[in-house]
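Scroll down for the structure; my scribbles are underneath it.
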Amino acid sequence: MPRVVIVSPPFMSHARPLSVLAAALREAGADVHFACAPAFADLAREADVSFEPLAVTRNANTGVAEATRQDAEEAARLGEFLDATREGAIAALLTQARHRRADMLADPEGVFEDLRALHARLRPDWYVVDQLSYPVTLALHCLGALYATFCPGHPGYVLSGPDAYFGMPYDWPRALRPDAGEEAQLLAAVRENDEAFTRLFDEFARRNSPASPPPGRAFALTSPHAVLYSYPELPWLPKPPAGPQTLFAGHTVAPPPALDQTWHGRLNRLRTRADRVVLVALGTFLSARDDVLRTVVTGVLDGTRDTSVVVAAGERAGRLADLAGDRAVVVPSVPQQALLEHVDAMVHHGGNNSFTECLRAGVPALLLPFSSDQFAVARDAERAGVGVVLDPNALTPADVPAALDAVTAARPGMTTLTRQVRGRGPRWGAERLIAAMGQAR
C-alpha cells in the first residue's frame with residue numbers, strides 16, 4: 001500500500017477536487033494524507049483520509065473570497081483584482097501577473113522547512129502537488145522527493161513548450177480577442193515573470209540543495225513521472241510536454257449528492273412559473289461582480305417568459321435581494337453539483353470546476369470569463385459546441401435571452417463529450433496515477 005501525501009493550496013476551488021482525488025486514491029488502495037491549511041480539515045474527514053495542517057501561501061479562499069478572513073494586504077489585492085476585471089481581460093491578466101510573486105512564492109524557505117519536517121515524519125512513497133503550488137513543487141524538487149502533478153485548471157497551466165507562458169491564454173474566445181498591442185503588452189509581462197521566477201527558483205535550489213539538478217524554467221517545473229489533468233482530452237489542446245505520463249481524468253467531481261427538501265421545493269416553485277431553469281454562479285471570487293449577476297438576472301426576468309433563475313451571489317446576495325421572486329432565487333451559495341442534475345443551462349465564469357461539472361451533468365453553459373485560465377476554458381467550450389461565450393463587461397440585459405436560447409440549443413450536441421467525461425473521473429485517475437507512480441519508484 002503506497003503512502004501518498006496530497007498537498008493542497010488553501011483555495012476551495014483547488015482543495016475540493018484534490019480531496020475528491022484523495023478519496024479515490026484511498027479507495028484504490030493507498031494510505032492517503034491530505035495536507036492543507038487547518039480550515040480545510042473537514043475535506044479530509046469527508047474523504048476519510050488523514051489530515052496534516054500545512055500552510056503553503058498567505059492567501060486563502062474557504063468558499064467565498066470576500067467572506068474569507070484575509071489580512072489587510074491580501075484584502076486590498078483582492079479589491080485591486082476585482083477592479084481590474086471591470087476594465088477587461090488584459091487588465092485583469094496584467095494585474096494577476098503583478099500579484100503573482102506574492103501569491104505563488106511568498107515564503108519558499110518556510111514551505112521548504114515545513115515539507116522537510118513532514119517528509120521526515122511521514123516518509124511517504126510519493127506526493128501529489130497542485131501545479132499552481134510552485135513553492136511546494138520547488139521544495140519537493142530540492143528534497144529529491146517523488147511526486148505527481150495535479151493540474152487543477154486548463155491544461156495550458158502545464159507549459160507545452162518554450163513559446164508557452166504561464167498567464168498567457170493559448171487561445172481566446174471570439175468575443176474577447178484582444179488587439180495585437182494589448183496581446184504584446186501581456187506577453188511582455190508574462191515573459192518578465194517567467195524570467196524572474198526562473199532566477200528565484202535557481203537561486204533557491206543552489207542555496208538549499210546544491211547537489212540537486214537545476215530546476216530549470218520555473219513555470220515548466222512539473223513531475224517528470226505523471227501529470228493528472230482534471231479536464232477532458234480535447235484534440236486541439238496544446239501538446240503536453242514530453243516525459244511524464246499524461247492522464248486526462250475528464251473531471252475530479254464526486255458523485256453529486258441528492259437535493260434536500262428545501263431545494264426541491266424551490267425548484268418546483270420555479271418550474272411552475274417557467275419551463276426552463278438556469279443556474280447562475282460566477283465562482284468563489286467573481287460572485288463579487290454583482291453588476292454582472294444583476295445584468296444576467298434582469299435579462300432573464302425582463303426578456304423571457306419561459307425561464308426561471310437560481311443565483312449564487314456570495315456576499316452580494318443582499319445587494320441583489322430585490323431581484324428575488326416567483327422566477328428568481330437569490331442566495332449566497334448553492335449545492336452546484338446537485339443542482340446541475342435539475343437545471344437546463346448554467347451561466348458561469350469559465351472556471352475549470354464549473355466547466356467540467358457541466359460536462360459531467362450534460363448541461364450547456366453561457367460562459368462569461370474574467371481572468372486566469374477562464375479565457376482558454378471558454379474557448380474550449382466554444383470550439384466543442386457546448387457553450388456560448390460573451391464578454392461580461394459588454395453584456396447587456398438584452399443580450400441574455402438570445403444567448404440562453406443558443407445555449408439551450410447546444411444541449412443535444414453535448415452527448416459525446418459528456419459520455420467521454422463520465423467514462424473517466426477521479427477513480428480512473430487514481431488507479432492510473434498509482435500505476436504510473438509505482439513504475440517511477
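The values are calculated or read from the model by the stated rules, or taken from the named source; none is laboratory data. From a predicted model like this one, the values you see are computed outputs, not experimental measurements. Cβ atoms come from the backbone with ideal geometry, glycine included; neighbour counts cover every protein chain shown.
Of all the residues in the range 317-343, those that are touching a residue at least 60 places away in the same chain (Cβ under 8 Å) and in a helix (DSSP H, G or I) number 4. Count of the range 369-403 residues, restricted to those that are farther than 20 Å from T252 by Cα and under 15 Å from the mean Cα position of the chain (by Cα), is 4.
Per the conditions (1) modelled with pLDDT of 95 or more; (2) touching a Pro at 6+ places or on another chain (Cβ under 9 Å); (3) in a loop (DSSP other than H, G, I, E, B), the sole criterion not satisfied by P178 is (2). The residue that is surrounded by the fewest Cβ atoms within 10 Å (Cβ to Cβ), counting only those in the range 385-401 that are hydrophobic (A, V, I, L, M, F, W, C) and farther than 14 Å from D171 by Cα, is A394. When the range 150-166 is limited to residues that are among the hydroxyl-bearing types (S, T, Y) and part of a loop (DSSP other than H, G, I, E, B), the one that is modelled with the lowest pLDDT turns out to be S160. All of V300, V309, V292 fail the test of being farther than 13 Å from H342 by Cβ and part of a strand (DSSP E or B), apart from V309.
Take the conditions (1) over 23 Å from W236 (Cα atoms); (2) at pLDDT 95 or above; R383 misses just one of them, which is (1). Within the range 404-441, restricting attention to residues that are closer than 18 Å to A378 by Cα and among the hydrophobic types (A, V, I, L, M, F, W, C), which residue is surrounded by the fewest Cβ atoms within 10 Å (Cβ to Cβ)? My answer is A409. Whenever a residue of the range 181-201 is farther than 19 Å from P135 by Cα, its partners that are in a helix (DSSP H, G or I) and at pLDDT below 95, lying with C-beta atoms within less than 8 angstrom and at least six residues away or across chains, give the pairs L186/A97; A189/A97; A189/R98. Restricting the range 196-239 to residues that are surrounded by 12 or more Cβ atoms within 10 Å (Cβ to Cβ) and acidic (D, E) leaves a set whose member that is farthest from the chain's Cα centre (by Cα) is D202. For first residues located in the range 373-397 and in the same structural domain as V297 (by TED's automatic domain parsing), partners that are surrounded by fewer than 24 Cβ atoms within 10 Å (Cβ to Cβ) and basic (K, R) and lie 6+ apart or on another chain with Cβ distances below 8 Å form the pairs E382/R174; V389/R174; P392/R289; N393/R86.
Out of the residues in the range 311-323 meeting the condition of being surrounded by 16 or more Cβ atoms within 10 Å (Cβ to Cβ) and small (G, A, S), tell me which one is nearest to F285 (Cα to Cα). Result: G314. One residue alone among D125, D83 is more than 21 Å from L228 (Cβ to Cβ), surrounded by fewer than 22 Cβ atoms within 10 Å (Cβ to Cβ) and acidic (D, E), and that residue is D83. Of everything in the range 1-26 that is part of a strand (DSSP E or B) and buried (at least 22 other Cβ atoms within 10 Å of the Cβ), the residue that is farthest from the chain's Cα centre (by Cα) is V4. Taken together, the criteria exclude L43 from residues that are within 30 Å of E192 (Cα to Cα), surrounded by 21 or more Cβ atoms within 10 Å (Cβ to Cβ) and modelled with pLDDT of 95 or more.
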